[in-house]
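These notes are about the structure you will find just below.
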Amino acid sequence: MPTWANWARQQRCAPERIETPGSEEELVRAVKGAARVKVAGSGHSFTDIACTDGVMIDMSGMGRVLAVNGNEVTVEAGITLHDLGEELLSRGLAMENQGDVDPQTLAGAISTATHGTGAGFGNLPSQVVGVRLVDGTGEVRELREGDDLRAARVSLGALGAISAVTLRCVPAFTIHRIDRPAALDDVLPRLDSLAGSHDHWEAFVMPYTRRCLTLMSERTDRPPEPPGRVGAFMHDVVLENAVLGLFCRTGRAFPRAIPSLNRTLARLMSGSENLDASNRVYANTRLVRFTEMEYALPREHAAEALERVLALIERRRLPIGFPIELRVTAQDDALLSTAYGRPTAYIAVHQYVGMEFETYFRAVEQVMDEYDGRPHWGKRHYQTAATLRARYPEWDRFAEIRDRLDPERRFENDYTRRVLFSGSG
């Protein structure tokens, strides 16, 4: 019997079998041949969203560009964000916004509302103008408008298996990113102006230090000046991963030293610049394994919520060596998008592999609940359908569409049963 594990190696399952279709026709046969089925992307979600004891579908065999029609590009759902970025760049196009990791499959990224950052830009699902979906009856559906598309843009894999996605793209552009250390007390009071005055803005905040690293990005017509291979290796692998990994391993061995380690790491933070094609600047190399929780909340509460998280870490002397990530996006209208109907800030908390995380994550979740926080669908949380329903104005509409597209619950698993449909259906 095959086994499967996610990127963090903390979610595991033993599917009945794993199917790797190479075409939509093969995908249809795989769905029709399974009583229970779940599509797995790259495994970068931290929840059990992809786990199944039925048939698991591996979409790595479906990663081709199918059509380019002006600024609309249709691709197979298993293409990774990395490969999609390069394919678009070769055609003079780009995604208007993207997250900071790119091994994810496109379908997995949109299905969990992956977002990136930028006050004037929506998440990845907001760029989707069409979806081809194999539903729970094995029928192929072309979704191009209306509530069905708004449901499919963020579906958690609960409506069917996405075979292809059509994206609204933009002409290729260069990003000039400047990374600078800053005092948190200078950043949080100006959060709105900082986020609004840069095309893309985010901050990595070090617990126990009152210091952060700000990433400020502007779109520009300047030609790319990518770093050389040695420079890229030193920055991406040595500085951003090897040094962080060393501090994390030391903190895991000596938890009481973490406040001191964090202060040292904050002193080591230095400025840098990057001028390159947008898809190559958005994404960062992630070699240090961790688990993560992230909450989306109304942007006006971001600074206060972050301060409360930092305060609880210090008050409880929690051994947190990973920085806290702060990002923003525009609102959108996908039925289950974490940014539905409101300009949104995201606060992401992490814990190094092999270290206890539940105490920290549950405490953070209690804070986020007070701000009507919505958990990232692909990251750890402790919510259920009962606690989430009131946070999504069109929750019941999504449930109606799911009942129609998957009437026999073929795509249900423990995760969707727990967070979307417990007590219904």
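Quick check: residue separation of ASN284 and ALA253 times 0.36 nm, minus the Cα distance between them. What number comes out in nm?
On the way: separation 31, 0.36 × 31 = 11.16 nm, distance 2.66 nm.
Result: 8.5 nm gained on full extension.
Between ARG267 and ASP192, what is the FRET efficiency for a Förster distance of 25 Å, r being their Cβ-Cβ separation, to the nearest 0.05? Intermediate values should be presented prior to the final figure.
Working: r = 29 Å, r/R0 = 1.14.
Efficiency computed from Cβ-Cβ geometry: 0.30.
Give the residue list of GluC sites (Glu not before Pro) in region 310-369 that are DSSP loop and have at most 16 other beta-carbon atoms within 10 angstrom.
Working: sites: GLU314, GLU325, GLU356, GLU358, GLU365; in loops: GLU356.
Within region 310-369, the qualifying GluC sites (Glu not before Pro) (loop, at most 16 other Cβ atoms within 10 Å) are GLU356.
Would you please name the trypsin sites (Lys or Arg not before Pro) within region 112-166 that are DSSP coil residues with at most 12 other C-beta atoms within 10 Å of their C-beta?
On the way: sites: ARG132, ARG141, ARG144, ARG150, ARG153; in loops: ARG144, ARG153.
For trypsin sites (Lys or Arg not before Pro) across region 112-166 that sit outside H, G, I, E and B with at most 12 neighbouring Cβ atoms in 10 Å, the list reads ARG144.
Once you measure Cβ to Cβ distances between cysteines in the chain, which Cys have no partner under 4.7 Å?
Flagged as lacking a Cys partner: CYS169, CYS212, CYS248.
State the extension gain, in nm to one decimal, for the chain segment bounded by THR137 and GLU26, taking 0.36 nm per residue of separation less the distance between their alpha-carbons. Before the final figure, lay out each step's value.
Working: separation 111, 0.36 × 111 = 39.96 nm, distance 1.47 nm.
Net length gain for the segment: 38.5 nm.
Given the alpha-carbon gyration tensor of the chain, what are the semi-axes of its equivalent ellipsoid in whole angstrom, ordered largest first, with each equal to the square root of 5 times an eigenvalue? Spell out each step's value before the answer.
Working: eigenvalues 222, 126, 86 Å².
So the equivalent ellipsoid measures 33, 25, 21 Å along its semi-axes.
Report the gain in length on full extension from GLU86 to GLN366: 0.36 nm times residue separation, minus Cα-Cα distance, nm rounded to one decimal.
Working: separation 280, 0.36 × 280 = 100.80 nm, distance 4.05 nm.
The span from GLU86 to GLN366 would gain 96.8 nm if fully extended.
Quick one: if the Förster radius is 25 Å, what FRET efficiency do GLU145 and GLU400 give, using the C-beta to C-beta distance and rounding to 0.05? Intermediate results must be reported in sequence, preceding the final value.
Details: r = 17 Å, r/R0 = 0.68.
Result of the calculation: an efficiency of 0.90.
Per residue of the chain, what 222 nm ellipticity follows from adding -39500 (n - 2.57) for every DSSP H run with n ≥ 4, rounded to the nearest 500?
Working: 15 runs with 122 residues, N = 425.
Computed mean residue ellipticity for the chain: -8000 deg cm²/dmol.
Could you please report the charge total around ASN6, scoring K, R as +1 and D, E as -1 over all other residues with beta-carbon less than 12 angstrom from its beta-carbon? Before the final figure, lay out the partial values.
Values: positive: ARG9, ARG12, ARG289, LYS379, ARG380; negative: ASP48, GLU292.
Neighbourhood net charge equals +3.
Of THR174, VAL131, TRP4, which is farthest towards the positive pole of the chain's charge dipole, taken about the Cα centre with +1 and -1 on the beta-carbons of Lys, Arg and Asp, Glu respectively?
Looking along the dipole axis, the top candidate is TRP4.
Expressed as a whole percent, how much of the Cα-Cα distance distribution for region 142-299 exceeds 23 Å? Working shown, then result.
On the way: 6913 of 12403 pairs.
Counting pairs separated by more than 23 Å, the tail of P(r) holds 56 percent.
Please identify the helices of the chain, taking whole runs of DSSP H, that span at least 20 Å along their own axis as judged from the Cα atoms and have a mean Kyte-Doolittle score of 1.6 or higher.
On the way: long enough: 302-316 (21 Å, 0.22).
Qualifying helices, which must be both long enough and hydrophobic enough, do not occur.
What do you get for GluC sites (Glu not before Pro) in region 18-74 restricted to DSSP loop and a cutoff of at most 14 other Cβ within 10 Å of the site's Cβ? Mind showing how you got there, number by number?
Details: sites: GLU19, GLU24, GLU25, GLU26, GLU72; in loops: none.
Passing both the DSSP loop test and the Cβ count: no residue.
Taking amide hydrogens as modeled 1.01 Å from N in the peptide plane, which residues meet the under 5 Å criterion relative to ASN284, leaving out close sequence neighbours?
VAL101, ASP102
Calculate the all-directions average of the projected area of region 1-41's alpha-carbon convex hull, and give it in nm². Spell out each step's value before the answer.
On the way: hull surface 13.0 nm².
That works out to 3.3 nm², a quarter of the Cα hull's surface.
Which value in nm describes the separation of the simple spin-label points at ASN241 and LEU388, placed 7 Å from the Cα toward the beta carbon?
Once both label points are built, they end up 3.1 nm from each other.
Would you mind giving the average projected area, over all directions, of the Cα convex hull of region 277-425 in nm² with one decimal? Provide the component values of the computation, followed by the final result.
Numbers: hull surface 43.0 nm².
So the mean shadow area of the Cα hull is 10.7 nm².
Computed from the coordinates by the stated procedures, all read-outs in this text should not be read as laboratory data. Just so it is clear, the model here is predicted, and its values are computed rather than measured. Every residue, glycine among them, receives a Cβ derived from its backbone with ideal geometry; neighbour counts consider all protein chains shown.
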